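What follows is a short report on a single structure.
A short reminder: the numbers here are calculations on the coordinates, not readings from a lab. Source: prediction; values computed, not measured. Here the Cβ is made from the backbone with ideal geometry for all residues, glycine too, and neighbour counts use every protein chain on show.
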2 protein chains.
Amino acid sequence: MAPVTTELTSGARPGTPTLDEVAVLAGVSRATVSRVVNESPKVSPEAREAVQAAIAQLRYVPNRMARSLVTRRTDTVALVLSEPNTQVFSDPFFASIVHGVSAALVDTELTLVLLTARDAREQQKIARFARQGHVDGVVLMSLHSEDLLPDVLSGAGVPLVLCGRPYDGRSVAYVDADNVGGARVATEHLVGLGRRRVATVTGPTDMIAGVDRYTGWQRATADAGRAVDPALVAHGDFTEAGGEAAMARLLDQAPDLDAVFVASDPMAVGALRALRAAGRRVPEDVAVVGFDDAEVARTCDPPLTTVAQPLDLMTGELVELLRRQIEGVAAPAETRTCPTRLVVRGSA
Amino acid sequence: MAPVTTELTSGARPGTPTLDEVAVLAGVSRATVSRVVNESPKVSPEAREAVQAAIAQLRYVPNRMARSLVTRRTDTVALVLSEPNTQVFSDPFFASIVHGVSAALVDTELTLVLLTARDAREQQKIARFARQGHVDGVVLMSLHSEDLLPDVLSGAGVPLVLCGRPYDGRSVAYVDADNVGGARVATEHLVGLGRRRVATVTGPTDMIAGVDRYTGWQRATADAGRAVDPALVAHGDFTEAGGEAAMARLLDQAPDLDAVFVASDPMAVGALRALRAAGRRVPEDVAVVGFDDAEVARTCDPPLTTVAQPLDLMTGELVELLRRQIEGVAAPAETRTCPTRLVVRGSA
DNA sequence: GGGGTCCGTGGAAGCGCTCCCACGAATTTC
DNA sequence: GAAATTCGTGGGAGCGCTTCCACGGACCCC
């Protein structure tokens, strides 16, 4: 009954021109329009020009779904933050990573989308999203040990790079800073300053960065020929408030401490406050070293001596590793550990 | 030459089963499998069961690109943060919005992606992303006046809701807090406390929230029968450092001030610091009111009296308006202005 | 008990795009 | 000058899915 109107079916829907319509207007075939859109060199200048004019006139925008269906690429990568604590979202380190990755991608055809998962349900949703082919790959900031996403994603064959070493030595691509080394250098700096009782405020013990920085402190302490005194250790949660509370505990447990390595800058700022509240001067009475070299390390009082991570390098590697996996030319689980650097300011 | 192998073409690619393969295994047609996947009621229990078993066995995941191609829906919405200053990313208000929108979406079929645009190039990329049909709609936190995205997006017919009133009274859907009213109440509170010289630290004048809160202060000041003294005004940028600097200027311009309305909590924290540095006690010498009721307002010293925005309500409305537009049942440019509430704590 | 309704089902036509393949014309090579 | 190459082009199949339509069987009503 209904005649075959293949040619102009979509002409009925105004506002969304298709390849065919461009082809008709330009007087060429669909294939040629496709070539122009995809910048194939095998098109004569005249044809190219005609097509470009038609595209402009029709305000043609290619339909990505249709394209993806055949190319099996979406030109989209996701940066997934899998973390229950909303506040971590405002951690400057996270903001820097987002910024860096996004900057590394701006000159490519890839678009970055951010996904956050606060609980198992959201993790499921994200896993589905990725498995269904919405993205070509994912950079995962999976911070806690019990996270499901690394398994699900790599199991589903989604190209994946972790930002931060996986908690269990599973075989997966990752990029991380040399947290152990950085913490060690920070602690050695404190020891080298002649401090006798060097305490530490650690990060959460279910995050690898927390564990590694703690390990670095332990090693440096042992190397200095000192006992690892539990009274010199307080666990924080990478937040400013957590750092303040931990520092207060430390002051209580070990009133004679004269230096402290704090495993993140926000926590160090909290520690500074606790120290001030307790009437200790920094650095005279207590020397403080932080970690991250966040913006706040420069502006707080006194400015924070801290361990800087090479963020540009790290985000660059992150993107590089991911792209290689997407291209299919990467070894299964390449890893990078980037060197850190001590930045000496007023606090130690 | 090559025989027609329509049936099993995709069988060659292991690991990504298609509808057809599920259909074959379940002994039904593609159409029936599709019905099961889409939870159509018109399927017999036996067929449904067989299909579900096949799906489980094959670990079948529908290909969203293929589905989108025909349904013209992606079940994805974007939250776009269009803002050059990376630091805003760590503004707790932004984090709260993300959290709220994402929470409002978790029980729906919609997935939220976050997109950030720091410059015109990234804005272009995002515009393309949206126009090409990657998302069903966008929530835009377009904070500055010269942003292109609202125009491009609404021009392209992408369902769009702004978070925050547009700078120029353009006709577009938005949800905003009653910034003018909130600022007014805050200022009136200060006046009601008997303060004679009520200053203000404003937000950036190219952001509508900055402008509106300033307007609220002006109105309240005028209503109190006082002149709007320029010496009582300093412009900040919504950051803590900016607030500190602005407060310092204020102290310089108007040493006799005895109260200040600060247009955001992070700035208020900065102001508190400047005040302490200048030896002024809060609230004895200078009463301070902030805006946002951020986490930090509770933990700072003294706790901040501040204007709370109904975040859950706002994010709920944001999602509601967007969904209605996506369904096609919304008036073109519905708007919501949500009431604010003064939270009195120690600082005023 | 015959004609209507309802319901589950499968066939088939696309959605908009890419890309393989074949084709004719222009160019080169011996 | 004929065969071989190159090059731009168009035809057409197919990516995996949804959905319209038609079909046959079970059911209902008078």
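Descriptive notes on the structure:
- Charge sum, other residues only, whose C-beta stays under 14 Å from residue A:62's C-beta, Lys/Arg counted +1 and Asp/Glu -1: +3
- Extents of the stretch B:78-140, largest first, come to 34, 31, 11 Å (Cα atoms, principal axes, whole angstrom).
- Dipole magnitude (debye, nearest 20) for the stretch A:206-286, charges at Cβ of Lys, Arg, Asp, Glu: 100
- Averaged over B:116-123, number of beta-carbon atoms from partner chains that fall within 10 Å: 3
- Test item: Cα-centred dipole of the protein assembly as shown, Lys/Arg +1 and Asp/Glu -1 on Cβ, debye: 880
- Using C-alpha pairs under 8 Å with a sequence gap of at least 6, the mean separation divided by the residue count of the stretch B:25-119 gives a relative contact order of 28 percent.
- Translational D in µm²/s for the protein assembly as shown (Stokes-Einstein at 37 °C, 0.692 mPa s, Kirkwood Rh from C-alpha pairs): 117
- In nm, spacing of pseudo-spin labels at residue B:49 and residue A:59 (7 Å Cα→C-beta vector): 5.4
- Amide H contacts for residue A:140 (H built 1.01 Å from N in the peptide plane; partners 5 or more residues away or on another chain; cut-off under 5 Å): A:80, A:161, A:162, A:163.
- A label point on residue A:71, set 7 Å along the Cα-to-Cβ line, lies at 2.4 nm from each of its counterparts in the other copies, closest listed first.
- Of interest is the spacing of the C-alpha centroids, which for the stretch A:57-112 and the stretch B:154-230 amounts to 34 Å.
- Inter-copy separations for residue A:151, label at 7 Å along Cα-Cβ, nm, ascending: 5.2
- Whole-Hz Karplus values for the stretch A:113-123 come out as 10, 9, 10, 10, 10, 9, 9, 4, 5, 5, 4 Hz, taken residue by residue from phi with 6.51 cos²θ - 1.76 cosθ + 1.60 and θ = phi - 60°; glycine and proline positions read x.
- For the stretch B:226-241, putting each phi into the Karplus relation 6.51 cos²θ - 1.76 cosθ + 1.60 with θ = phi - 60° gives couplings of 10, 6, 7, 7, x, 5, 8, 10, 9, 8, x, 10, 6, 9, 4, 4 Hz, in residue order, rounded to whole numbers and with x for Gly and Pro.
- Note on chain B: GNM, Cα springs under 10 Å; of B:165, B:35, B:276, the largest mean-square fluctuation is that of B:35.
- Spin-label model distance (nm) - residue B:71 vs residue A:249, 7 Å beyond Cα toward Cβ: 4.8
- Unit charges on C-beta of K, R, D, E only; dipole of the stretch A:176-316, Debye: 500
- Summed over all non-identical Cα pairs, the Kirkwood treatment of the stretch B:14-62 gives a radius of 10.3 Å.
- 10 Å binning of all Cα-Cα separations within the stretch B:149-266, expressed as whole percents from 0 upward: 14, 40, 27, 13, 5, 0
- Using only alpha-carbon positions in the stretch B:137-197, the gyration tensor eigenvalues give semi-axes of 34, 10, 8 Å once each is multiplied by 5 and square-rooted (largest first).
- Shielding by other protein chains, A:93-100, mean Cβ within 10 Å: 3
- In percent, rounded to a whole number, the relative contact order of the stretch A:145-236 is 27, using alpha-carbon pairs under 8 Å and six or more apart.
- Cα centroid separation, the stretch B:260-312 to the stretch A:120-150: 38 Å.
- Three semi-axes of the equivalent ellipsoid, chain A, Cα gyration tensor, whole Å, largest first: 54, 19, 17
- Judged by the mean number of other Cβ atoms found within 10 Å, the most tightly packed of the peptides A:266-274, A:180-188 leads the ranking A:266-274, A:180-188.
- For residue B:125, the lysines whose Cα comes closer than 26 Å to its Cα, not counting residues fewer than 8 places off in the same chain, are A:125.
- 10 Å Cβ neighbours from other chains, averaged over peptide A:74-86: 2
- Between copies, the label points at residue B:124 (set 7 angstrom from Cα along Cα-to-Cβ) are spaced 4.2 nm, reported in nanometres from shortest to longest.
- Most mobile of A:176, A:252, A:212 in a GNM of chain A (Cα contacts under 10 Å): A:252
- Per residue, the average separation of C-alpha pairs within less than 8 Å and at least 6 apart gives chain A a relative contact order of 14 percent.
- Ranking B:192, B:58, A:103 by how far each Cα lies toward the positive end of the dipole of the protein assembly as shown (charges on Cβ) leaves B:58 at the top.
- Fraction of antiparallel bridges per DSSP, chain B only, in percent to nearest 5: 10
- Calculated over the stretch A:65-175, the projected area of the Cα convex hull averaged across directions stands at 7.0 nm².
- With semi-axes defined as the square roots of five times the eigenvalues of the C-alpha gyration tensor, the equivalent ellipsoid of the stretch A:228-298 measures 17, 13, 11 Å, largest first.
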